[in-house]
Amino acid sequence: MSVRGKIAALAGGFILCASLLFAGAALGNGSWSLDEPDNITSLSLSDDGSRLAVGSYGAKAYSFQADGTEQFAFETRNVVTGVALLSDGSLLVSSDDRRIYKLDEQGNPLWELDVKRQVKSVAASPDGSVAVFIAQGRTTVTYVDVAAGETIREADIGITPSHVQVSTDGRYVAVGAPDQYAYLLDAQGNMLRKMGVSGMIEAIGVAEDGTVVVGTSRNEAVAFGPDGAQTAVYKVKDVVTDVDVSRDGSYVAASDFLGNFYVYSADGEQLWTTRVEGAGRQVKFNKDATMLYAGTGNGTLFAYDVGELVASAKSGATIRLFAWIAAAAAGVAAVAAGLLWMRKRRKLDVFVDMWRSKYVYLALLPSFALVFTFLYYPAFSGLFHSLYDWNPGGRTVFVGLANFERMANDPYVTKGLGNLALLVVTGVAKSLLPPLIAAELIYHLRSKKAQYWYRTAFVASMVIPSVAGLLIWQNLYDPNVGLINNVMEWFGLEGHAWLGDPKTALWAIIFIGFPFIGILQLLVFYAGLLAIPEELVESAKIDGASLWRIIRSIHLPLLSGQFKLLLILALIGIIQDFGGILIVTGGGPMDSTYVPALQMYYAATIFNDLGYASALGVAMFAVIMAITIVNMKLIKSAHD
């Protein structure tokens, strides 16, 4: 086989390895919706997995068969806050109408308990031996006799609880409270321990061995072992809305407000994740944690085969490991083939020359290392991870071009592109025209001393931090004490909320920095004017050229190099910049000042959606590169 043939074969090997590296896993197994698109507030699964109970914000409790067939819908007087299916087929329902209901398998009421206060949640073990509820304004966890529909005892935790869950064997009751503590009680209501977390508690789950998992507002769920020590932290992309833990504590499921569902191992490894339309609201494992049921804020229910998904994820990880090994082997073979080709072409002398200059290359090595680490590596990392649902520290899933498809359908990006187009047009004008006029005025001053002092006066403004300047302009625009409105009122005009009105907010940002004389642009233009030979100007004057003709026919053509440089810098700065908008308006009011770079920042820092943020960064890089190439081709300097 020829050298070219070997290289082609190696390229084919790289493509095969890449295809293995980018292999993804299958997702859900089925879905169905409520008869009305209501927010799902609670889920419960029967012990044998044959029935699923759902509570909704629309004041209804539903019972479904495992295949999604609706059995009945029970209507309460207010929001359903909790459901609990029992082994005998009955269903406990709690509601904001201050009542707890027990229904039979057909949805007929067996008893009704008036609590006198809004019931926040109900939970029970499948056999009904332990059933509890928590109510608004009470600091107690109340135990209920499910047969008689009567309260039997109360456990006071000293603060109004917000969430409650009972282990499937009835041994433990886990309670979450607004004081950022989770409390673990036994079946009799005795306090066993309490565990602190960071952030507000949004959900709680408990396993049969006493493992407690707490979902928080800090985009994470925290696990505490049977001894009360923290054992794992499960990172998610937004506020946790629900958690569940398998009976033996080996798996943890979570949902978040962005519509993501997750499955983790007990030690914190993310085994699987997916995202759906609408906010994720509820998750529930079946008895042996082979199925995961999930509900959303738009009334849709999903059933996932956890065993299949986890097995697929593990096999995918093994395939990717072998693919990386194969890719490394192919890389070594490619280097060997390249050296062989260079040997045949007698090109290996270049390595001898490099060895002779080894100390020069050694001196350059730190600079190359820093440039690669802080410039090239982040850029290539962003390009690579734009094709992934990237979760640093967790499982990263290849999604192909899904992030770019999402970008095309993102209303914030669409709105941001319109705003960016206006900012580009006005920004380029601001970056070129005022500094050029100022440079011409300074250049035509007859006194060299006056030129020096005017240059100094302009450059002195550089010592003012840009953030300070933005805050000053924000105060100028203040509708109550701002200087602009005060001047308008002095002339009898009515003031205006410049940054608070969607119609004027973007224009208010555009006019920040008036009169728009950028110091860098001024100095570049002024240096360009000084570099113009005086003989050209003097010859033009002798020929009777006016000042305007000199500027138009001599200055502007000879400043084309400066125009090219400043135009590229202006376009890059405008497309990449979001700091001013972030500080002054944060993208509001509504989305009137949104730009794609701000969406990238929010995706990375607030929503923890790093793959999507990388895709936005890659898209902006592509746009900047295209604009730069066009600019380089169209604008010719005097040296081109």
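Points to keep in mind about this one:
- When segment 513-523 is filtered for residues that are assigned to a loop (DSSP other than H, G, I, E, B) and surrounded by fewer than 17 Cβ atoms within 10 Å (Cβ to Cβ), the ones remaining, listed by number, are G513, F514, P515.
- V595 being out of contact with any Ser or Thr (no Cβ under 9 Å at 6 or more places or on another chain) and at pLDDT 90 or above: yes
- V240 being in contact (Cβ under 8 Å) with a residue 40 or more places away in the chain and closer than 22 Å to V83 by Cβ: no
- Residue check for L192: part of a strand (DSSP E or B), over 21 Å from D242 (Cβ atoms) and either free of Cβ contacts under 8 Å to residues at least 12 places away in the same chain or not polar (S, T, N, Q) (or both): yes
- Within segment 231-248, being in a loop (DSSP other than H, G, I, E, B), more than 21 Å from the chain's Cα centre (by Cα) and not hydroxyl-bearing (S, T, Y) holds for R247, D248.
- Checking R117, R171 one by one, the residue that is in contact (Cβ under 8 Å) with a residue 12 or more places away in the chain, open to solvent by 30 Å² or more (accessible area, probe 1.4 Å), of a type in the set (K, R) and more than 22 Å from V222 (Cα to Cα) is R117 and no other.
- Yes/no for S246 being open to solvent by less than 10 Å² (accessible area, probe 1.4 Å) and modelled with pLDDT under 95: yes
- Filtered residue count, segment 469-507, keeping only those that are within 28 Å of the chain's Cα centre (by Cα) and over 22 Å from Y594 (Cβ atoms): 0
- Filter pass, A266 being surrounded by 12 or more Cβ atoms within 10 Å (Cβ to Cβ) and without any contact (Cβ under 8 Å) to a residue 60 or more places away in the chain: yes
- Scanning segment 350-371 for residues that are more than 46 Å from the chain's Cα centre (by Cα) and among the small types (G, A, S) returns a single hit, S357.
- The set of residues in segment 98-115 that are in a loop (DSSP other than H, G, I, E, B) and touching a strand residue (DSSP E or B) at 6+ places or on another chain (Cβ under 8 Å) comprises R98, D104, E105, Q106, G107, V115.
- Here G544 clears all of (1) farther than 30 Å from L499 by Cβ; (2) assigned to a helix (DSSP H, G or I); (3) of a type in the set (G, A, S) except the condition numbered (2).
- Number of positions in segment 600-633 that are surrounded by fewer than 15 Cβ atoms within 10 Å (Cβ to Cβ) and in contact with a Lys or Arg (Cβ under 9 Å, 6 or more places away or on another chain): 1
Rundown of residues vs (1) of a type in the set (V, I, T); (2) on the phi < 0 side of the Ramachandran plot; (3) out of contact with any Ser or Thr (no Cβ under 9 Å at 6 or more places or on another chain), yes/no style:
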position: K60; (1), (2), (3): no, yes, no
position: S63; (1), (2), (3): no, yes, yes
position: G68; (1), (2), (3): no, no, no
position: Q71; (1), (2), (3): no, yes, no
position: R77; (1), (2), (3): no, yes, no
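- Odd one out for A18, checked against (1) farther than 20 Å from L292 by Cα; (2) surrounded by fewer than 21 Cβ atoms within 10 Å (Cβ to Cβ); (3) under 37 Å from the mean Cα position of the chain (by Cα); (4) modelled with pLDDT of 90 or more: (4)
- Residues of segment 213-231 satisfying the condition of being buried (at least 19 other Cβ atoms within 10 Å of the Cβ) and more than 13 Å from A254 (Cα to Cα): F224
- Any chance D389 is among the acidic types (D, E), open to solvent by less than 60 Å² (accessible area, probe 1.4 Å), closer than 21 Å to N260 by Cβ and at pLDDT 85 or above: no
- Search result, residues across segment 538-560 that are open to solvent by less than 100 Å² (accessible area, probe 1.4 Å) and more than 57 Å from the chain's Cα centre (by Cα): E538, S539, A540, G544, A545, S546
- Taken together, G199, G228 contain a single residue that is over 27 Å from the mean Cα position of the chain (by Cα), among the small types (G, A, S) and modelled with pLDDT under 95, which is G228.
- Filtering V371, V332, V350 for residues that are among the β-branched types (V, I, T), farther than 30 Å from L271 by Cα, assigned to a helix (DSSP H, G or I) and open to solvent by 90 Å² or more (accessible area, probe 1.4 Å) leaves a single hit, V332.
- Within segment 490-512, the only residue that satisfies the criterion of being assigned to a loop (DSSP other than H, G, I, E, B), closer than 22 Å to V428 by Cβ and open to solvent by 60 Å² or more (accessible area, probe 1.4 Å) is F511.
- Residues satisfying the stated conditions in segment 472-486, i.e. open to solvent by 40 Å² or more (accessible area, probe 1.4 Å) and either in a loop (DSSP other than H, G, I, E, B) or farther than 16 Å from F514 by Cβ (or both): D478, P479, N480, V481, N486
- Candidates L301, L271, filtered to the one that is over 28 Å from Y181 (Cβ atoms), open to solvent by less than 30 Å² (accessible area, probe 1.4 Å) and at pLDDT 90 or above: L301
- The single residue among D88, D48 that is modelled with pLDDT of 90 or more, surrounded by fewer than 21 Cβ atoms within 10 Å (Cβ to Cβ) and part of a loop (DSSP other than H, G, I, E, B) turns out to be D88.
- Pairs, first under 25 Å from E494 (Cβ atoms) in segment 462-477, second open to solvent by 80 Å² or more (accessible area, probe 1.4 Å), C-beta under 8 Å, six or more apart: N475/V481; N475/L483; L476/L483
- Segment 418-444: number of residues that are open to solvent by 60 Å² or more (accessible area, probe 1.4 Å) and not β-branched (V, I, T): 3
- Answer residue from segment 528-537, given it is in contact with a helix residue (DSSP H, G or I) (Cβ under 8 Å, 6 or more places away or on another chain) and assigned to a helix (DSSP H, G or I) and is surrounded by the fewest Cβ atoms within 10 Å (Cβ to Cβ) among those: L530
- Filtering segment 227-255 to residues that are farther than 12 Å from D209 by Cβ and hydroxyl-bearing (S, T, Y) leaves Y234, T241, Y251, S255.
- Residues considered: G579, G573. Of these, the only one that is of a type in the set (G, A, S), open to solvent by 30 Å² or more (accessible area, probe 1.4 Å) and modelled with pLDDT of 90 or more is G573.
- Test: residue in segment 99-106 that is of a type in the set (S, T, Y), open to solvent by less than 30 Å² (accessible area, probe 1.4 Å) and modelled with pLDDT of 95 or more: yes
The values are calculated or read from the model by the stated rules, or taken from the named source; none is laboratory data. Remember, predicted model here, so these are calculated numbers, not experimental data. Note that each Cβ is placed from the backbone with ideal geometry, even for glycine, and that neighbours are counted across all protein chains shown. SASA here: full protein model, heavy atoms, side chains in, ligands and nucleic acids out. Shrake-Rupley method; radii C 1.70, N 1.55, O 1.52, S 1.80 Å.
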